[in-house]
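The next block holds one structure in the form of structure tokens; read it before the comments.
The values are calculated or read from the model by the stated rules, or taken from the named source; none is laboratory data. Just so you know, these numbers come straight off a predicted model, no measurement behind them. Virtual Cβ from ideal backbone geometry, glycine too; neighbours counted across all protein chains shown. Please note that ligands, DNA and RNA were not included when accessible areas were found on the heavy atoms of the full protein model with its side chains. Shrake-Rupley method; radii C 1.70, N 1.55, O 1.52, S 1.80 Å.
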Amino acid sequence: MQRRDFLTKTAAVAVLATHGMGMWSGASSMADSDTLLPDAAWNQLPRWRGFNLLEKFMRPSGNKRFVEDDFRMMHDWGFNFVRLPMDYRNWIVGGDWERIDESVLAEIDEAVTFGERYGVHICMNFHRAPGYTVAQPPEAKNLWIDPDAKRVCALHWRKFANRYRDLPNSRVSFNLFNEPSDVPMAAYVETVRLICDAIREESPERLIICDGTSWGMKPCMELLPLRVAQATRGYAPMEISHYRASWVQSQDFPTPRWPMPSALSGGIYGSFKPELQTPLLIDGPFPAAMRLRVRVGTVSSRAQFVVTADDRPIFEKLFVPTGEKGYGEGGSSEWEKAIFFKEWNGYQNLYNVDYRMEIPAGTKRVELRVEDGDWLRLREIGLTPLTVAENATAAPEVVQPFRDVWGEKPPKLTWNATQSRFDGGMAMDRAWLRKNSIEPWKKAEAAGLGVIVGEFGAHCYTPHEVVLAWLEDNLANWKEAGWGWAMWNLRGSFGILDSNREDVKYENFHGHQLDRKMLELLQRY
């Protein structure tokens, strides 16, 4: 009996004995992946579409068995791809990273069997690899520089390569590491070469996919000689995808809108960052007196904030963050939250407070600057004619939101009094996504790389209509580019099932809460 047949049949017996036939009995959903799944090569990936499944994503919560009904639902809805982001600590014995628990690998075999049964490609990813993770806590040894970590990581990938060596690339691929961030390029390329060599000694033609650098956002042309495909991400801008996400510093993200009015940084830097110390400028003229509202987000260390109208101060405030509890923490301080950073031995305070000031009639230029100190970040500014602001019940305020982008100098805006709008910056829309997230990767693709969007989606606090509009622009771009994709996740805060969004009318679906609108949007692309 061929190893491939043995693996499929033995895993299927174990699955059926444990799970039965699931919630949809009968053979109507059965599929033969060899006929339904397209061939795949490193320089020409199929336009797979599907989801990330998180059963083995992260210890201690993530070490569960994969769920057959997930594969059944995906097949019935027309999807054919899953990525399995996994934590290697799930399959080691007693914390010894050189001892592998075969019973856990057998549970991964079940996912491979489900994939064959329902015509779904399986892409295996080490989200936490021996020596590397983007999550917390960090690994004790550094994969990119430590010889022992390299050896053990190669040992693990070699084990997987041997295990699935008889399965075609149409069914199984390997995605080596999740979102390498500030990794030195030479060290990244060397490590990928080492792992690829280990895999190919066991499975010479195995399809290998590497995430781009800068958290998967930039293609890595240096990997081209290694014959590996590459995966990008669909999270830009983070203000949409990670609004109020606890695992990133999202405290300065404005209320999401899509399209967004402009791609402007709200950071204003002081004398502690002389290379970035530039005021935010608003050129007029301002024919009538205006009320300027400034919403301050996070302040670091200390910041002497000054707003001038034609060089005359109209607002001054010294911000001095401390550890005292803010109003959002049950305290009485002006700020909402105090945040201590061990690496800098200092505090940042999230204010999320509006400050108002008057721009006199006839003003030609307004400047917002940090004269002394570290930095502060603006979330938005708003302008209202002073007479309206004081007398009308519903003031027509014109709002300019800002992005939480580190290291960019503040913008220069122009107040268009005739049309009551801010001019400056670039609108964030489908064209912006194409320019920033598609065009750099199309150049890499033209050089010979196969490309897939390995993760995308928006966290549950982003307004649903905003999510749908933003998703459609991304999906349309990816379809035009000819790329496949995998949403993070199927079940959970980014997905179409059980996402706990407060503004969705869910449909009860086989024990799950289904976001039918989002599902139908994905199915259209």
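Can you pull out the residues in segment 231-252 that are under 18 Å from Arg434 (Cβ atoms), small (Gly, Ala, Ser) and part of a loop (DSSP other than H, G, I, E, B)?
Correct list: Ala236 only.
Looking only at segment 490-505, how many residues end up being open to solvent by 50 Å² or more (accessible area, probe 1.4 Å) and touching a Lys or Arg at 6+ places or on another chain (Cβ under 8 Å)?
1
Ala187 - would you say it is in a helix (DSSP H, G or I) and either of a type in the set (Asp, Glu) or surrounded by 17 or more Cβ atoms within 10 Å (Cβ to Cβ) (or both)?
no
Within segment 516-523, is there a residue that is touching a Phe, Trp or Tyr at 6+ places or on another chain (Cβ under 9 Å), in a strand (DSSP E or B) and surrounded by 15 or more Cβ atoms within 10 Å (Cβ to Cβ)?
no
If we keep just the residues of segment 414-446 that are surrounded by 15 or more Cβ atoms within 10 Å (Cβ to Cβ) and among the small types (Gly, Ala, Ser), which is nearest to Thr384 (Cα to Cα)?
Looking at the filtered set, the residue picked out is Ala417.
Within segment 264-294, how many residues turn out to be touching a Lys or Arg at 6+ places or on another chain (Cβ under 6 Å), small (Gly, Ala, Ser) and in a loop (DSSP other than H, G, I, E, B)?
1
State the number of residues belonging to segment 132-152 that are of a type outside the set (Phe, Trp, Tyr), open to solvent by less than 60 Å² (accessible area, probe 1.4 Å) and under 17 Å from Met58 (Cα atoms).
Result for segment 132-152: 4.
Given the residues Leu223, Leu194, Leu155, which is the only one that is aliphatic (A, V, I, L, M), in contact with a strand residue (DSSP E or B) (Cβ under 8 Å, 6 or more places away or on another chain), open to solvent by 20 Å² or more (accessible area, probe 1.4 Å) and over 29 Å from Gln348 (Cβ atoms)?
Being aliphatic (A, V, I, L, M), in contact with a strand residue (DSSP E or B) (Cβ under 8 Å, 6 or more places away or on another chain), open to solvent by 20 Å² or more (accessible area, probe 1.4 Å) and over 29 Å from Gln348 (Cβ atoms) holds for just one of Leu223, Leu194, Leu155, which is Leu155.
Could you list all residues from segment 149-181 that are more than 27 Å from the chain's Cα centre (by Cα) and of a type in the set (Asp, Glu)?
Asp166
When you check Ile122 against the structure, is it part of a helix (DSSP H, G or I) and buried (at least 22 other Cβ atoms within 10 Å of the Cβ), yes or no?
Against the criterion (part of a helix (DSSP H, G or I) and buried (at least 22 other Cβ atoms within 10 Å of the Cβ)), Ile122 does not qualify.
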